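In what follows, a single structure is set out as structure tokens and then discussed.
Here, each number is a calculation from the coordinates, and none is a lab measurement. Because the structure is predicted, anything quoted here is derived from the model rather than measured. In this analysis, Cβ positions are derived from the backbone assuming ideal geometry, glycine residues included, and neighbour counts consider all displayed protein chains.
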Amino acid sequence: MLFYIMMSALTDDDRTFVEKIYEKYGSFMYKTAYDVLKSKEDAEDAVNDAMCKIIKYLAKFEKSANENVCNMVTICIRNIVRNKAIDLYNKNKKSSGIRSDFYVRDDETGEYRERDFADESIDLEDIVIKNEERDTVRKALSELSSDLKDAVNLVYMCGYTSIEAADFLGISNSAIRVRLFEARRKLKKYLGKELRNNG
């Protein structure tokens, strides 16, 4: 329902753009959701939530190249499905009397997020990528876990602020900062090794 309300508030051009995204990625989003959630209704809800998030960050999608749009759609549906799966898992655990220590429910949004283990003093650095190092950097990125890769993609490739990326991923700002810090640490280590080997 929220999706249709949000769609009706869009301009004709924006609505057409959202419809094109749905035509191109709707089946992929549904299949991804269904493969994890194993429920037609939950999968449809996940796709609906993903489309609402896409509308919320429509300007980022419209300004991005096709490859980045595909990345953002993938990140979006994966995280929404993950949240729904965690929700179902925790609901099942609650009914059996076991609690989760790693995830907590956000009182404001109702979504599950990772507990914060952040150092608030972390200062984000800018990452400068030289053209001749791109292949090495891409290889290094492929070595990161999907959580770290998603954070790097959104902030450094797609131009999201850390606050926007945190909202997009359904986690806290301190959690995204921890992911970016960890990704930079791993990339620095990997790239340092590569540069020593090639130097």
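Things to note:
- Inverse mean reciprocal Cα-Cα distance (Kirkwood Rh) of the range 1-94, Å: 13.7 Å
- Cβ-defined net charge surrounding residue 85, 10 Å radius [Lys, Arg +1; Asp, Glu -1]: +1
- Loop-located trypsin sites (Lys or Arg not before Pro) in the range 1-60 whose Cβ has at most 16 other Cβ within 10 Å (DSSP): 38
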